[in-house]
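Notes for the one structure printed next.
The values are calculated or read from the model by the stated rules, or taken from the named source; none is laboratory data. Bear in mind that the values here come from a model prediction, so they are computed numbers and not experimental data. No Cβ is skipped: glycine too gets one built from the backbone with ideal geometry, and neighbour counts run over all protein chains shown.
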Amino acid sequence: MHFTKMEGLGNDYVYLDCTASAPADLPGLAQVVSDRHFGVGSDGLICIFPSEIADFRMVMFNADGSQAEMCGNGIRCVGKFVYDKGLTDKAQLTVETLAGVKVLRLSVKDGKVDQVTVDMGTPVLEPSRTVTAGGQSFQGFPVSMGNPHFVIPTDGVKDFNLSIHAPLSSPNPAFPQGVNVEIVEVLAPDRVRMRVWERGSGETLACGTGACATVCACASQGLTGREVTVVLLGGELHIRWDESDGHIYMTGPARTVFEGEWPETAL
């Protein structure tokens, strides 16, 4: 089985070309290849399939084998994967996800994709709420980007013990399907710092949908404007919440780390 290791701001996944065929047990494979000691090492597995309604279909699994609706950093790498490998020659393409069809605009340099802008669609923001999990109370803003997020404004993000939010990311009455938790510190009207605890993976270096949810929550409260640089552990994303169509647009890098072969006997 040939695979490609890719990353967007350190949010890394193993990618498979499933346009012709796919392994049988993708959730099990995700757990095996994601292991950072005995596998390839990643935040999960992303498979690229044909689509009847878009140019391609993205199917993604977290490191624990659970399926997720969408990944902003992951879908940028999907755009780079299909273009760099000659599966498409389009600089604008559509990708089907469980969170809907997303439109990607590829920035090509020397024949390879280096940046991707994704139309992430319209966010769904709910009023602030206090949620109890693991014997603790958390106050923040639920935001859906096709997948669930809970954005918590705070101070001192760098030194924050994010693992205390682990119980919140697990299924509970407030979030039956689990939730991705973002803590955010506003640095300026156009700049925030964010860390994320992703359901099924734990703390990751970046989360594209989380960055979009963060800008939605902060801008709606007047804490920032609608065009914001989000500083993550793995780097920076540019997020723009357009007033005319209500869509959020995310721009960031995509990088291939290496190619490899996974033995069939290990599947």
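Here's the yes/no breakdown for (1) small (Gly, Ala, Ser); (2) under 22 Å from Met60 (Cα atoms):
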| site | (1), (2) |
| --- | --- |
| Thr117 | no, yes |
| Thr122 | no, yes |
| Gly146 | yes, yes |
| Ile152 | no, no |
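Can you tell me which of Pro189, Pro171, Pro148, Pro142 is free of Cβ contacts under 8 Å to residues at least 12 places away in the same chain and more than 30 Å from Leu87 (Cα to Cα)?
Exactly one residue qualifies, and that residue is Pro171.
Within region 233-265, restricting attention to residues that are of a type in the set (A, V, I, L, M) and out of contact with any helix residue (DSSP H, G or I) (no Cβ under 7 Å at 6 or more places or on another chain), the residue that is nearest to Thr204 (Cα to Cα) is Leu233.
Would you confirm, using the coordinates I've provided, whether Val95 is in contact with a helix residue (DSSP H, G or I) (Cβ under 8 Å, 6 or more places away or on another chain) and not charged (D, E, K, R)? Considered against the rule, which asks whether it is in contact with a helix residue (DSSP H, G or I) (Cβ under 8 Å, 6 or more places away or on another chain) and not charged (D, E, K, R), Val95 comes out as yes. For residues in region 100-142 being at pLDDT below 95 and among the aliphatic types (A, V, I, L, M), which is farthest from Ser163 (Cα to Cα)? Here the residue is Val131.
Okay, residues lined up against (1) within 19 Å of Glu259 (Cα to Cα); (2) within 18 Å of the chain's Cα centre (by Cα):
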| position | (1), (2) |
| --- | --- |
| Val59 | no, yes |
| Gly65 | no, yes |
| Glu69 | no, yes |
| Gly72 | no, yes |
| Arg76 | yes, yes |
| Gly79 | yes, yes |
| Gly86 | yes, no |
| Lys90 | no, no |
| Glu96 | no, yes |
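Only one entry of Arg199, Arg195, Arg226 meets the criterion of being of a type in the set (D, E, K, R) and surrounded by fewer than 22 Cβ atoms within 10 Å (Cβ to Cβ), and that entry is Arg226.
A single entry from Arg199, Arg193 fulfils the requirement of being within 18 Å of the chain's Cα centre (by Cα), at pLDDT 95 or above and under 25 Å from Asp12 (Cβ atoms): Arg193.
For region 235-248, does any single residue satisfy the condition of being under 25 Å from Ala133 (Cα atoms), outside the structural domain of Val32 (by TED's automatic domain parsing) and either buried (at least 23 other Cβ atoms within 10 Å of the Cβ) or charged (D, E, K, R) (or both)?
Our first condition is that a residue be under 25 Å from Ala133 (Cα atoms); within region 235-248, this holds for none.
Within region 235-248, not a single residue is under 25 Å from Ala133 (Cα atoms), outside the structural domain of Val32 (by TED's automatic domain parsing) and either buried (at least 23 other Cβ atoms within 10 Å of the Cβ) or charged (D, E, K, R) (or both).
All conditions in (1) under 22 Å from the mean Cα position of the chain (by Cα); (2) modelled with pLDDT of 95 or more; (3) surrounded by fewer than 19 Cβ atoms within 10 Å (Cβ to Cβ); (4) closer than 21 Å to Val215 by Cα hold for Thr154, with the sole exception of (2).
Does at least one position in region 175-198 carry a residue that is in the same structural domain as Phe150 (by TED's automatic domain parsing), more than 12 Å from Val231 (Cα to Cα) and part of a helix (DSSP H, G or I)? The answer is no; no qualifying residue exists.
All told, Asp35 meets the bar of being out of contact with any strand residue (DSSP E or B) (no Cβ under 9 Å at 6 or more places or on another chain) and modelled with pLDDT of 95 or more. Screening the candidates Pro27, Pro23, Pro50 for the property of being touching a Leu at 6+ places or on another chain (Cβ under 7 Å) and of a type outside the set (D, E, K, R) yields one hit, Pro23.
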